[in-house]
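Right, one structure below, let's go through it.
Just so it is clear, none of the values below were taken in a lab; they were calculated from the coordinates. Quick caveat: nothing in here was measured; it's all calculated off a predicted structure. Counting neighbours? That spans all protein chains shown, and the Cβs are built from the backbone with ideal geometry, glycine included.
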Amino acid sequence: MLLESLEVHQFRNLSGKVFWHSNLNIIYGDNGQGKTNWLEAIYLLATSKSFRTSRPQETIRFGANLAFVRGRVRQSEAVSRDLQVTLQGNSKLLFVNGKKEQTSAYLGQLQVIAFTADELEVVRGAPEARRRFLDRGVLALHHAYIQTLADYNQVLRQKNRLLQEVAEGRLAVERARELLLPWNEQLAELGTEIHCARIDYVKRLNAVFEKKLFGREEVTIRYLSSLEGKGDLSDYRLLLTERLNLRLPAEIAAGCALVGPHRDDLEILFDGRDIRAYGSAGQQRSALILLDLAALSVYHSWCGEYPLFLIDDIDAELDRKRIGHLLEYLEGRTQTFITTSKADLIRGYSSDQQVALYEVKEGLIVPSSSEGVRAASQMEGVFRSLS
Amino acid sequence: MLEYAEPVTKLIDEFKRLPGIGSKSAQRLAFHIMRLPEADVERLIDALQEVKRKIRLCSECNNLTDVDPCRFCSSPTRDRSIICVVEEPYNLVAIEKTRSYRGLYHVLHGSLSPVRGIGPEMLRLDNLLARLKPENNQGVKVKEVILATNPTTEGEATAIYLSHLLKPLGVRTTRIAMGMPVGSDLEYVDEVTMDKALANRHEI
């Protein structure tokens, strides 16, 4: 899939329409000009969500009552679609080819993987961020997984409420055991589905993982079940059921659910050491990029095409050599969008590549430099040959 | 100052309390009532009062009824050896529309949800267990209980809870199947249902 153009109206400080390059797009400019906003707009078009805020109305320009992003997406040689996300007050409207669509019908038309400051939580933060990374990957391949996740979380909420009531002395322990039963049975069923889906996804990631893309250090990943070392993981359902029964007194004492895949993690090792504790900021960024590349490859081997790849602030903590390796690897695979405040750093490596440069000033994309103009005319050539 | 005269505002406010009725609908309904002839309004009031006066729960199955036991429980043509358990009276109506089910019903009036403070004691379960005894069921032994609670985590929990109560009593306990809606095209089925149907496929 290919994002051919993007038109933005009153979304943050952006406005105007941009035609994108099919290979590499470099968005550069001084800090605070709106480079990341352009990536956010692409992300919004693909997912109907922002990677920065859970309240989309925040992205409507101050004083305006409506914002939209509209993009032309090439699905195949002969098929292009216009996608549009309109934000108005608290509501969000989705359109395909000008016709309003349900969220479920809209999503999936444009797939993106975004490397952003927030996503660094995957290599720096709590296990929850890593579980979310895995679940996002599974969801892109298997849409019905959304119901499994939603049901699992609902069962957890119900179970936790019962455990809380025991902790507060409003429910007798013996009665609680009986009432917890139907929730634990569902937890075992749904938990097994989640465990198996994540194990399978990590297996796929590992099969395509470029352990040494950035040099001699080796990054390895492994799904770390919270039930590891507690019994036979090959019959997960049985083990989970056993653990749920065994740990019930502990759960009652703690007042919350202690057993299940909501306690699992993805182990990421950098030369055999835990990246979160021992990795430098640069090593953490490198590892996350490797994870994203693996996710791109897994999606490609499953669906036959690559998602768009968005990389925010590429040169922060990633040296010239690594950026060079990365861009070389991506060429001919994904349509890539990167932002940087140091255009010079990129230009040295990309002069002989298929690339378009965009300078952002106060939200507007301006072809100000000679390279930018050259890239823009090159790009027009590409699109002439496409259409 | 109120936009409308007090009686009108009062009526609009009452309509707004109803589920699914917002400000605009409430206003439209109130204006409709004001334009109605007196006799039509009387008829509406009668209908409201009658439903409150006459409708109660069947002492056997908890369905809404104006006679006790209800028409299903007192019918000589229904099979008293099968009981279908549903969450709400309108779920019963959905099953009744098939016309193929000839057994009796049992309405729980809810499903288990600790978050909403609904425990087993708030569901109408006592008379279900009582009905399993032949002496409380016109001498007929109940052979099967069908659990037709909703396919949500709460409905599922309710079904599991009931199955643990019923199975030790030696009564066959079944759960309704989940999958494709019949008679419609595959293209109209949502992804989650389709996924369940694929997972539960069977040999032909």
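Taking every DSSP beta bridge that has both residues in chain A, what percent is antiparallel when rounded to the nearest 5?
Values: 42 of 59 bridges.
In chain A, approximately 70 percent of DSSP beta bridges are antiparallel ones.
Each residue of the stretch A:114-123 in turn: what ³J(HN,Hα) in whole Hz from Karplus with 6.51, -1.76, 1.60 and θ = phi - 60°, glycine and Pro shown as x?
10, 9, 10, 4, 5, 5, 4, 3, 4, 9
Compute the FRET efficiency between A:Glu168 and A:Leu66 as 1/(1 + (r/R0)^6), taking r as their Cβ-Cβ distance and R0 = 45 Å, and round to the nearest 0.05.
Details: r = 47 Å, r/R0 = 1.03.
In this case the efficiency is close to 0.45.
In nm, to one decimal, how far is the A:Gln57 label point from the A:Arg320 one, both placed 7 Å along Cα→Cβ?
Result: 4.9 nm between the two label points.
Quick one: length gained pulling A:Leu141 to A:Leu238 fully straight, 0.36 nm per residue minus the C-alpha distance? List each step's numbers first, then the result.
On the way: separation 97, 0.36 × 97 = 34.92 nm, distance 2.68 nm.
Here the answer is 32.2 nm.
Name the shape class, rounded, prolate or oblate, that the alpha-carbon gyration tensor gives for the stretch B:145-185, where a ≥ b ≥ c are the square roots of its eigenvalues, rounded holds for a/c under 1.5, and otherwise prolate holds if a/b is larger than b/c and oblate otherwise.
Numbers: a/c = 4.81, a/b = 1.95, b/c = 2.47.
Taking the square roots of the gyration eigenvalues as a ≥ b ≥ c, the stretch B:145-185 is oblate.
With chain B treated as a Gaussian network of Cα nodes joined by springs under 10 Å, which of B:Leu162, B:Leu128, B:Leu36 yields the largest mean-square fluctuation?
B:Leu36
Which value in Å is the Kirkwood Rh of the stretch A:17-82 over different Cα pairs? Could the numbers behind the result be given before it?
Working: mean 1/r = 0.0726 Å⁻¹.
In the stretch A:17-82 this quantity evaluates to 13.8 Å.
In whole Å, how far is the Cα centre of the stretch A:133-166 from that of the stretch A:67-105?
28
For A:Tyr278 and A:Ala253 in one chain, what is 0.36 nm times their gap in residues minus the Cα-Cα distance, to one decimal in nm? Walk me through the intermediate numbers first.
On the way: separation 25, 0.36 × 25 = 9.00 nm, distance 3.41 nm.
Between A:Tyr278 and A:Ala253, full extension yields 5.6 nm more.
Roughly what would the spin-label model give for B:Arg102 and A:Leu269, points 7 Å off Cα along C-beta, in nm?
About 6.7 nm, to one decimal.
Looking at the square roots a ≥ b ≥ c of the eigenvalues of the Cα gyration tensor of the stretch A:253-336, which shape do they give, rounded for a/c under 1.5, prolate if a/b is larger than b/c, or oblate?
Values: a/c = 2.80, a/b = 1.49, b/c = 1.87.
Cα axes put the stretch A:253-336 in the oblate bin.
Counting just the Cα atoms, what span does chain A cover along each of its three principal axes? Round to the nearest Å and put the largest first.
Result, largest extent first: 76, 51, 38 Å.
Quick check on chain A: helices-only [θ] at 222 nm, where DSSP H runs of length 4 and up contribute -39,500 (n - 2.57) each and the sum goes over total residues. Nearest 500, please. Intermediate values should be presented prior to the final figure.
Details: 13 runs with 176 residues, N = 387.
The helix contribution divided over chain A gives -14500 deg cm²/dmol.
Hey, with R₀ at 51 Å, roughly what FRET efficiency would A:Glu77 and A:Arg177 work out to, going by the Cβ-Cβ distance, to 0.05?
Values: r = 62 Å, r/R0 = 1.21.
Plugging the Cβ-Cβ distance into 1/(1 + (r/R0)^6) gives 0.25.
Going by amide H atoms built from the backbone, whose H comes under 5 Å of the H on A:Ser80, apart from near neighbours?
A:Gln75
When the Karplus curve 6.51 cos²θ - 1.76 cosθ + 1.60 is applied with θ = phi - 60°, which whole-Hz ³J(HN,Hα) does each residue of the stretch A:28-45 get, with x for Gly and Pro?
Using θ = phi - 60°, the values come out as 10, x, 5, 5, x, 8, x, 4, 5, 4, 5, 5, 4, 5, 5, 4, 4, 4 Hz.
In whole Å, how far is the Cα centre of the stretch B:152-181 from that of the stretch A:1-43?
If you average the Cα positions of each part, the centres end up 53 Å apart.
With each label point set 7 Å from Cα along the Cα-Cβ vector, what nm distance links A:Ser104 and B:Glu144?
3.0
Quick one: if the Förster radius is 60 Å, what FRET efficiency do B:Lys24 and A:Val208 give, using the C-beta to C-beta distance and rounding to 0.05? Can you show the working numbers first?
Values: r = 55 Å, r/R0 = 0.91.
My answer for the efficiency is 0.65.
Below 8 Å, C-alpha to C-alpha, sequence gap of six or more: please give me the relative contact order for the stretch A:129-267 in percent.
Numbers: 131 pairs, mean separation 46.3, N = 139.
Here the relative contact order equals 33 percent.
If you rank B:Ser163, A:Ser286 by fewest surrounding Cβ atoms within 10 Å, what's the result?
Values: B:Ser163 17, A:Ser286 26.
Lowest to highest Cβ neighbour count: B:Ser163, A:Ser286.
Name the residues whose placed amide hydrogens come within less than 5 Å of the amide hydrogen of B:His106, ignoring near sequence neighbours (fewer than 5 apart) on the same chain.
Amide H neighbours of B:His106, under 5 Å, 5+ apart: B:Cys84, B:Val85, B:Val86.
Any idea how far the Cα center of the stretch A:212-273 sits from the one of the stretch B:54-72, in Å?
Their Cα centres are 52 Å away from one another.
If amide H atoms are built 1.01 Å from N in the plane of the peptide, which residues on other chains or at least 5 residues away come under 5 Å of the amide H of A:Glu359?
A:Tyr28, A:Val366, A:Ser368
Could you list A:Trp38, A:Trp302 in order of exposure, starting from the residue whose Cβ has the fewest other Cβ atoms within 10 Å?
With the fewest neighbours first, A:Trp38, A:Trp302 line up as A:Trp302, A:Trp38.
Between rounded, prolate and oblate, where does the stretch B:6-54 land on the alpha carbon gyration tensor, with a ≥ b ≥ c its root eigenvalues, rounded for a/c under 1.5, else prolate if a/b exceeds b/c? Don't jump to the answer; show the numbers that get you there.
Values: a/c = 2.18, a/b = 1.31, b/c = 1.66.
Oblate, because a/c is 1.5 or more while a/b does not exceed b/c.
Of A:Pro249, A:Pro261, A:Pro307, which has the largest mean-square fluctuation in a 10 Å C-alpha GNM of chain A?
A:Pro249
For A:Tyr329 and A:Leu93, calculate 0.36 nm times their separation in residues minus their Cα-Cα distance, and state this gained length in nm to one decimal.
Extra length available between A:Tyr329 and A:Leu93 comes to 81.3 nm.
Tell me, what ³J(HN,Hα) does each residue in the stretch A:138-143 have, in order and in whole Hz, if you take phi through Karplus 6.51 cos²θ - 1.76 cosθ + 1.60 with θ = phi - 60° and put x for Gly and Pro?
In residue order, the calculated couplings are 4, 4, 5, 8, 9, 5 Hz.
Quick one: B:Asp68, B:Asp195, fewest Cβ neighbours within 10 Å first, how do they rank?
Details: B:Asp68 12, B:Asp195 17.
With the sparsest Cβ surroundings first, the list reads B:Asp68, B:Asp195.
Between A:Thr103, A:Thr47, A:Thr192, find the one with the highest GNM mean-square fluctuation for chain A; connect C-alpha pairs within less than 10 Å.
A:Thr103
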